[in-house]
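Data block below; observations after.
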Amino acid sequence: MTPSPGPALFRAALRLSVLVVSVAMAATGCSATGSKSTDARHPAGSVLRVPEDFPSVQQAVDVAREGETVLIGPGLYRESVRVTKPRVVLRGTDRNKVVFDGGVRLANGITVTGAGSVVENLTVHGYLANGVLFTGVTDERLQQRGAGGSAYDPLDTTRFPPVRGFRATGVTAYNNGLYGIYAFDARSGVIEDSYASGHADSGIYVGQCKPCETVVRGNIVERNAVGIELTNASDGLSVLGNRVAHNRVGVTVNSNDLEALAPQHGAVIAGNVIADNNAADTPQQADGAFGIGIGIGGGTANRVQRNLVQGNRAAGVVVTDPPGHPASGNRVEGNRATGNGTDLVLASADPTNCFVGNRPDTQSPDRLEKHAGCGTRGRGALPTGRTASVQAPPGVPFSQVPAPPAQPSMPDPTAPGRSATGLPGVVDAAAYPLPKNVDAVPHSR
């Protein structure tokens, strides 16, 4: 299995759709992002309320000052919002009743380029590209192309330095065309206690950051083409205590030259439930992969530890070499891999990848942990491991994946807002033990 950079044909269709929408808006004098009324009167205090003070979220965001909170009341918001100022907190009063709806016609739901800003306690769905996008790419034309602003052209890191400081907490993202919660060209952030389903690329994506200094923790990610995707995302990146189940593929860790900052390096994936990633009621994965728990495609020096990897029909954990990017230095340790097509698969020739203490039922090649054990010296070449043969079923359109159930809402949405500065703070991967069973409830600690 070679993890894919994403559905290129879908992106081409997306660009055409966005162009048609943009032309139609120009002809009618309408805007997908609402008014730019920056001269509107600022209400007293540091909390701007929608709809009490402003009729649209974008109007409130435009007037908000650095460090202020935009508090959104229940309602259906058919708009795209851009947060460009630093340290703005965008918060819903009820996670399940504050709903951003793209109508399968707008490109992005909420785009954040302001350093230290926050999106929390709300729902976003029905956008052609991304639900919530954190990015240093500030060119709106590139943002509308959907893939983090660059559509997989190499990122110009000089022109677009990463946005520094971001947080998504308690966000429900579902049925968006590419990604649910997307951190691209962004660093020093947290994605936590959120839910993502029904995405044609991945539910949560962290990509093109070095160092990332980001933690993805306590999320539920299901019924996506890929649950959690890490592409060219390196150093200080931790994926901890999530439940990744019923996708086509659970977690991918990729290096590729279609994006900047390859190769990927140095992520920690620990304490997660990664189970039953064989769901047919999901958008089709771009390269047809199906039934894989964790796939490392050309990643380097990653640690995969104490995860429960169960019931994935092709493979539990697989390490492989895509063209030009040999996987190396990956340590797969202390996981419980059981009931998968093949529990552990090493399809990389690099002798620095190692497996130890995983308690697998099946391994490929045979006796993998003996021959490729961590600390093994002078090991010879091994046969190429193979995943079990699984035929992927046809996918469904992203807009037709069943909507998720209600998710836990913030206990006190009137509490003072906390900007995303100084993140991710102390990250202790050792605090995330091996989950006891596949029904373990994730939490961000």
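Values quoted throughout were computed directly from the atomic coordinates according to the rules given, and no laboratory measurement underlies them. Please read these numbers as outputs of a predicted model, since none were measured by experiment. Please note: Cβ atoms are built from the backbone with ideal geometry, for glycine as well, and neighbour counts cover all protein chains shown.
Packing-wise, with mean Cβ within 10 Å as the measure, how do 63-71, 268-276, 284-292 rank, highest first? Intermediate results must be reported in sequence, preceding the final value.
Values: 63-71: 20.0, 268-276: 27.1, 284-292: 22.6.
My ranking of the peptides, most packed first, is 268-276, 284-292, 63-71.
Using per-residue counts of other Cβ atoms within 10 Å, averaged over each peptide, order 303-314, 346-357, 90-101 from highest down.
The packing order, highest mean first, is 303-314, 90-101, 346-357.
Taking 7 Å along the Cα-to-C-beta vector as the label spot, tell me the R159-K97 distance in nanometres, rounded to one decimal.
4.5
Within the range 267-291, find all residues whose amide N lies under 19 Å from a label point positioned 7 Å from the Cα of A430 along Cα-to-beta-carbon.
Those under the cut-off are 267-272.
Give me the log10 of I(q) over I(0) for the range 316-429 at q = 0.17, 0.18, 0.20 Å⁻¹, as the Debye formula computes it from C-alpha points; what are the numbers?
Computed log10 I(q)/I(0) values: -0.89, -0.92, -1.02.
Within the set of other residues whose C-beta is less than 11 Å from the C-beta of P86, count the net charge using Lys and Arg as +1 and Asp and Glu as -1.
Residues close to P86 contribute a combined charge of +2.
Select from V239, V332, V396 the residue whose mean-square fluctuation is largest in a Gaussian network model of the chain (Cα-Cα springs shorter than 10 Å).
V396
Tell me, in nm to one decimal, what length is gained between R41 and R367 on full extension, where the rule is 0.36 nm per residue of separation less the Cα-Cα distance?
Numbers: separation 326, 0.36 × 326 = 117.36 nm, distance 7.03 nm.
Value of the extension gain: 110.3 nm.
Quick one: go through the range 298-325 and flag any residue whose amide nitrogen is under 17 Å from the point 7 Å out along the Cα-to-Cβ line of V356.
Counting backbone N atoms under 17 Å from the label point, the list is 301-307.
D139 to R78: extension gain in nm, 0.36 nm per residue of separation minus the Cα-Cα distance?
That works out to 19.8 nm of additional length.
Kindly identify the range 240-288 as rounded, prolate or oblate by the Cα gyration tensor criterion: order the square roots of the eigenvalues as a ≥ b ≥ c, call it rounded if a/c is under 1.5, otherwise compare a/b with b/c, prolate if a/b is larger, else oblate.
Judged from the Cα gyration tensor, the range 240-288 comes out oblate (a/c at least 1.5, b/c at or above a/b).
What's the FRET efficiency of T414 with R105 using the Cβ-Cβ distance as r and R₀ = 41 Å, to the nearest 0.05?
Efficiency for this residue pair is about 0.75.
So how do 107-116, 320-329 stack up, highest first, on mean other-Cβ count within 10 Å? Write down the numbers at each step before the final one.
Details: 107-116: 26.5, 320-329: 18.4.
Highest to lowest by the protection proxy: 107-116, 320-329.
Could you give the semi-axes, largest first, of the ellipsoid that matches the chain, computed as the square roots of 5 times the alpha carbon gyration tensor eigenvalues and rounded to whole Å? Let's see the in-between values first.
On the way: eigenvalues 280, 90, 75 Å².
Taking √(5λ) for each eigenvalue gives 37, 21, 19 Å, largest first.
Positive end of the charge dipole of the chain (Lys, Arg +1 and Asp, Glu -1 on Cβ, about the Cα centre): tell me which of N247, S444, G92 has its Cα farthest that way.
S444
Please work out the Kirkwood hydrodynamic radius for the range 89-136, using every pair of different C-alpha atoms, and report it in angstroms with one decimal place.
11.0
Grab the other residues whose beta carbon is less than 11 angstrom from that of H443, score K and R as +1, D and E as -1, and report the net.
Once all neighbours under 11 Å are counted, the net charge is +1.
By how many degrees, 0 to 90 and rounded to 10, does the Cα axis of helix 8-28 deviate from the longest principal axis of the chain?
The helix 8-28 is inclined about 0 degrees to the chain.
If we count every other residue with Cβ under 10 angstrom of G114's Cβ, Lys/Arg +1 and Asp/Glu -1, where does the sum land?
Residues close to G114 contribute a combined charge of +2.
Among D156, D235, D201, determine the one that fluctuates most according to a GNM of the chain built with springs between C-alpha atoms less than 10 Å apart.
Judging by the Gaussian network model, the answer is D156.
Which of the three applies to the range 102-254, rounded, prolate or oblate, going by the alpha-carbon gyration tensor with a ≥ b ≥ c and a/c under 1.5 meaning rounded?
rounded
Can you tell which of T282, T214, T384 shows the greatest fluctuation in a Gaussian network model of the chain with Cα springs below 10 Å?
T384
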